[in-house]
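Quick notes on the structure that follows.
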Ligand code: ADE
């Protein structure tokens, strides 16, 4: 079983539209879509926004639906100025930018028993790079900083970018990484840029959410073919 997770309906409807045939299972105040694609069993869901929702849904996909790999598809705000709207990047590592016990002398993003940065699966990243090359897609990679905040203010953007050397920001990736790492499930986090996370990012987000989500979902489907 392979899990495909998004945060918002817009991030998974391109997949459901492409697959057409799926079963819906209601569980834990959410809907899980079971489908087959090229002989592969898939469980697809959108978690709803934020780290807790994403952690809950990823855990259910693994523990209840027995997912052995998890691929995340969605959009992100760019922190690195080389990333433009509709560019795609995958996370090599992820950090929770809003995890803060610095009052006790710890660095931002750290709590005892965890590491600041979590690394994604090398094999899935290599596969993605190979597919991107075959398709002539300029797939980038980098550090994704996750937090329960929509970033649309230059000072906040600069702080996250400088504190974590992060390339993009979103609201789920690092929590999914933590769940997958804890449960030994290889994971891949893909994001297409919807905005640049500075002033007015909310307008770009609204405008580019669907088109960027489509780009990410398309790529995830081509990865499934090769898994
Ligand atoms: N997802 C897409 N754009 C984002 C932003 N600017 N902040 C947080 N999550 C996002």
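The values are calculated or read from the model by the stated rules, or taken from the named source; none is laboratory data. Keep in mind the model is a prediction, meaning the values are calculated, not measured. Ideal geometry is used to build each Cβ from the backbone, glycine not excepted, and the neighbour counts take in all protein chains shown.
Descriptive notes on the structure:
- Residue that is at pLDDT 95 or above, surrounded by fewer than 17 Cβ atoms within 10 Å (Cβ to Cβ), within 13 Å of the ligand (Cβ to nearest atom) and over 17 Å from the mean Cα position of the chain (by Cα), where the choices are 206, 148: 206
- Test: residue 155 is farther than 24 Å from residue 69 by Cα, more than 11 Å from the ligand (Cβ to nearest atom) and over 13 Å from the mean Cα position of the chain (by Cα): yes
- Boolean, residue 80 is within 21 Å of residue 215 (Cα to Cα) and out of contact with any helix residue (DSSP H, G or I) (no Cβ under 9 Å at 6 or more places or on another chain): no
- Taken together, 213, 168 contain a single residue that is within 17 Å of residue 47 (Cα to Cα), within 11 Å of the ligand (Cβ to nearest atom) and either surrounded by 24 or more Cβ atoms within 10 Å (Cβ to Cβ) or touching a residue at least 12 places away in the same chain (Cβ under 8 Å) (or both), which is 213.
- Members of region 16-50 found to be assigned to a loop (DSSP other than H, G, I, E, B), in contact (Cβ under 8 Å) with a residue 60 or more places away in the chain and surrounded by 14 or more Cβ atoms within 10 Å (Cβ to Cβ), listed by number: 47, 49, 50
- Of all residues in region 187-215, those that are closer than 16 Å to residue 166 by Cβ and in a helix (DSSP H, G or I) total 1.
- Checked against (1) crowded, with 24+ Cβ neighbours inside 10 Å; (2) more than 16 Å from the ligand (Cβ to nearest atom), residue 221 passes all but a single condition, namely (1).
- Condition check for residue 127: under 16 Å from the mean Cα position of the chain (by Cα) and in a helix (DSSP H, G or I): no
- Restricting attention to region 164-186, the residues that are over 19 Å from residue 8 (Cβ atoms) and in contact with a strand residue (DSSP E or B) (Cβ under 8 Å, 6 or more places away or on another chain) add up to 9.
- Number of positions in region 62-104 that are within 15 Å of the ligand (Cβ to nearest atom) and either at pLDDT below 95 or exposed (fewer than 14 other Cβ atoms within 10 Å of the Cβ) (or both): 2
- Residues of region 62-79 that turn out to be farther than 25 Å from residue 168 by Cα and touching a strand residue (DSSP E or B) at 6+ places or on another chain (Cβ under 9 Å), as a count: 6
- Here residue 182 does not qualify as closer than 16 Å to residue 6 by Cα, surrounded by fewer than 18 Cβ atoms within 10 Å (Cβ to Cβ) and out of contact with any helix residue (DSSP H, G or I) (no Cβ under 7 Å at 6 or more places or on another chain).
- Annotation note: of 90, 33, the sole residue that is more than 30 Å from residue 203 (Cβ to Cβ) and touching a strand residue (DSSP E or B) at 6+ places or on another chain (Cβ under 7 Å) is 33.
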